[in-house]
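The values are calculated or read from the model by the stated rules, or taken from the named source; none is laboratory data. Since the model is a prediction, treat every value here as computed from it, not as a measurement. Cβ sites come from the backbone with ideal geometry, for glycine too, and all protein chains shown count toward neighbours. For the accessible areas, the whole protein counts, side chains as well, though only heavy atoms, and no ligand, DNA or RNA atoms are used. Shrake-Rupley method; radii C 1.70, N 1.55, O 1.52, S 1.80 Å.
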Amino acid sequence: CVQMDVTLGQNAQNTRQILSYLESAASQGARLVIFPECAITGYSFKTRQEALDSAIPLDSPHLTDIQQACSRLNVYAVVGTAEKEGNTLYNTAVLLGPQGQVDRYRKTHLPWMGLDRFTTASSEPFRVIEIEGLRLEF
């Protein structure tokens, strides 16, 4: 698990930092690297518009860059972000691996704080994902 400072709304800077931590963890033998909630976008938005402006779709270049690093390093990463799908916001964790995007989890239980004040709760059922013998609940 990576503990890192995230700069609100500085997606490119945060992605560079994620890539650096991913490289370091992989060089130490990690196979699964877990990043903080909303590591790409930040969490403590003051307005819905501010959150929408920073939110990214699942096909964003930020996630593509992280996925390509996972492929090159042969590791998996769970990365949090504010996700936008059309005009809808989600607090999402994305599981990326050497072969691409494996799955995503849109947060179900939303406290009335930060980004979660503006997001839609997921109604999707929880899933168990297995990667290399490790089971993750998504």
Filter result for residue 92 (open to solvent by less than 30 Å² (accessible area, probe 1.4 Å), on the phi < 0 side of the Ramachandran plot and assigned to a strand (DSSP E or B)) = yes
inquiry  = Among the residues that make up the range 33-52, is at least one of them touching a helix residue (DSSP H, G or I) at 6+ places or on another chain (Cβ under 6 Å), open to solvent by 20 Å² or more (accessible area, probe 1.4 Å) and among the small types (Gly, Ala, Ser)?
reply    = yes
message = Just checking, does the range 2-18 include any residue being loosely packed, with under 15 Cβ neighbours inside 10 Å, touching a residue at least 24 places away in the same chain (Cβ under 8 Å), out of contact with any Pro (no Cβ under 6 Å at 6 or more places or on another chain) and of a type in the set (A, V, I, L, M)?
response = yes
inquiry  = Of everything in the range 1-20, what is under 14 Å from the mean Cα position of the chain (by Cα) and part of a helix (DSSP H, G or I)? Give them in sequence order.
reply    = 11, 12, 14, 15, 16, 17, 18, 19
query = Would a scan of the range 21-44 turn up a residue that is assigned to a strand (DSSP E or B) and in contact with a Lys or Arg (Cβ under 8 Å, 6 or more places away or on another chain)?
reply = no
ask   = Does the range 67-79 contain any residue that is over 21 Å from residue 3 (Cβ atoms) and either in contact with a Lys or Arg (Cβ under 7 Å, 6 or more places away or on another chain) or basic (Lys, Arg) (or both)?
value = yes
message = Just to verify a result, which residue in the range 56-80, among those that are assigned to a helix (DSSP H, G or I) and in contact (Cβ under 8 Å) with a residue 40 or more places away in the chain, is most open to solvent (accessible area, probe 1.4 Å)?
response = 65
message = I'm trying to understand the selection: among the residues of the range 108-138, which are assigned to a loop (DSSP other than H, G, I, E, B), out of contact with any Leu (no Cβ under 7 Å at 6 or more places or on another chain), open to solvent by less than 100 Å² (accessible area, probe 1.4 Å) and under 16 Å from residue 94 (Cα atoms)?
response = 108, 122, 124, 125, 127
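Conditions (1) within 30 Å of residue 7 (Cβ to Cβ); (2) aromatic (Phe, Trp, Tyr); (3) in contact (Cβ under 8 Å) with a residue 24 or more places away in the chain, marked per residue:
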| position | (1), (2), (3) |
| --- | --- |
| 101 | yes, no, yes |
| 109 | yes, no, no |
| 115 | yes, no, yes |
| 130 | no, no, no |
